[in-house]
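**Q** Take a look at this one; I'll ask things after.
The values are calculated or read from the model by the stated rules, or taken from the named source; none is laboratory data. Note that the coordinates shown come from a computational prediction; the quantities given were computed from them, not determined experimentally. As a convention, Cβ positions derive from the backbone with ideal geometry for all residues, glycine included, and neighbour counts pool all protein chains shown. When the accessible area is computed, the model is the full protein with side chains, heavy atoms only, and any ligands, DNA or RNA have been set aside. Shrake-Rupley method; radii C 1.70, N 1.55, O 1.52, S 1.80 Å.
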Amino acid sequence: MDNSIDTQTRVPRDFESLRSNIIERKNAMPKRLAQVAAFALGNPDEIAFGTTASIAAAAEVQPSTLVRLAHHLGYEGFSDLQSIFRERLRDRTLSYEERLVTLERSGIENEEASILSGFLSAASQSVNKLAATIETETFAKAVDVLAAAETIYLIAKRRSYPLTAHMAYAFSKLNIRHQIVASPNGIDSEIARFATEKDAAIAASFSPYAAESLAQAQDLASRNVPVIAITDSAFSPLTACATHWFEVAETDFAGFRSMSASMALVMAFPVAIAERRRKGAAKADKTKME
């Protein structure tokens, strides 16, 4: 049996499968390979566009390390591995109009019902995946941090912004002090600077990561403000500065990615925080009476 052929039939041929494979194997990778793998998942566009020399320089490794990583993952060479990133880029850079055209060309019958069914199925898969992988102990620790905070700062941009907007609504209803780091006059960084060690932050960003969100989360962490991160990869730049972090991989339909699982997670936070504070207050009152 030709082992090389067998290996090639089993290596991931799409970006999501490759990402999952790298995450599963990262702890067993040699240090340099893990370094390149982290760079690749954090900078997929650089991998897709760059040359071997430019990528190696950006990742601060030798060009041969890129080839070693490709072979380690089962690919014929770095160009074979790079093709996965280029295919991802092609899919991700389709405009919304182009995605609609692609959907139209698929020739599905009863188009409206199929579109609805597709999004509902994707949402269900996303939620089920999160339910199967999330660590409840980590969630409880994150709630401990957030419940103790005087003010909770909410950081997200672009596609992630609805998460913070919905949390802000729930926090307001539950009388939890918070501050969205988003302003029409461009003073987001100044708003974030008001945070102290007595506060905490929830930062959400998914690939391609919002540079401003990353910078704000990193700045808060450097000033000892606890950061709870919601992102899509163990190699996300957010995980490096997070006190606790959660990986949420949303399933897409026809190239359109919803926020179903992420929304379920962020709605659990306000309720859990309010309940933790309520129990804490009740315990304190009981102690006083005794």
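**Q** Quick one: is residue 145 assigned to a loop (DSSP other than H, G, I, E, B), surrounded by 14 or more Cβ atoms within 10 Å (Cβ to Cβ) and modelled with pLDDT of 85 or more?
**A** So residue 145 fails the test.
**Q** A further question follows. Of the conditions (1) in a loop (DSSP other than H, G, I, E, B); (2) not assigned by the TED database to the domain that holds residue 241, residue 129 fails just one. Which one is it?
**A** (1)
**Q** Is it true that residue 139 is open to solvent by 80 Å² or more (accessible area, probe 1.4 Å) and out of contact with any Gly (no Cβ under 7 Å at 6 or more places or on another chain)?
**A** No.
**Q** I'd like the residue in segment 148-170 that is under 16 Å from residue 191 (Cβ atoms), crowded, with 19+ Cβ neighbours inside 10 Å and of a type outside the set (A, V, I, L, M) and, out of all such residues, is modelled with the highest pLDDT.
**A** This residue is 153.
**Q** Sticking with this one: Count, please, the residues in segment 222-245 that happen to be of a type in the set (Gly, Ala, Ser) and open to solvent by 30 Å² or more (accessible area, probe 1.4 Å).
**A** Residues meeting the conditions: 2.
**Q** What are the residue pairs meeting all of these: first residue in segment 104-125, first residue assigned by the TED database to the domain that holds residue 263, second residue in a helix (DSSP H, G or I) and modelled with pLDDT under 85, Cβ atoms under 7 Å, and 6 or more apart or on different chains?
**A** Going by the 7 Å Cβ cut-off, there are no qualifying pairs.
**Q** Then there's this: Among strands (runs of 3 or more DSSP E) lying entirely in segment 154-248, which contain 2 or more residues that are in contact with a helix residue (DSSP H, G or I) (Cβ under 9 Å, 6 or more places away or on another chain) and among the aliphatic types (A, V, I, L, M)?
**A** Details: elements: 178-180, 200-204, 227-231, 244-247.
By residue number, 200-204, 227-231.
**Q** Criterion first (without any contact (Cβ under 8 Å) to a residue 40 or more places away in the chain, assigned to a helix (DSSP H, G or I) and either touching a helix residue (DSSP H, G or I) at 6+ places or on another chain (Cβ under 8 Å) or not small (Gly, Ala, Ser) (or both)) does residue 33 satisfy it?
**A** yes
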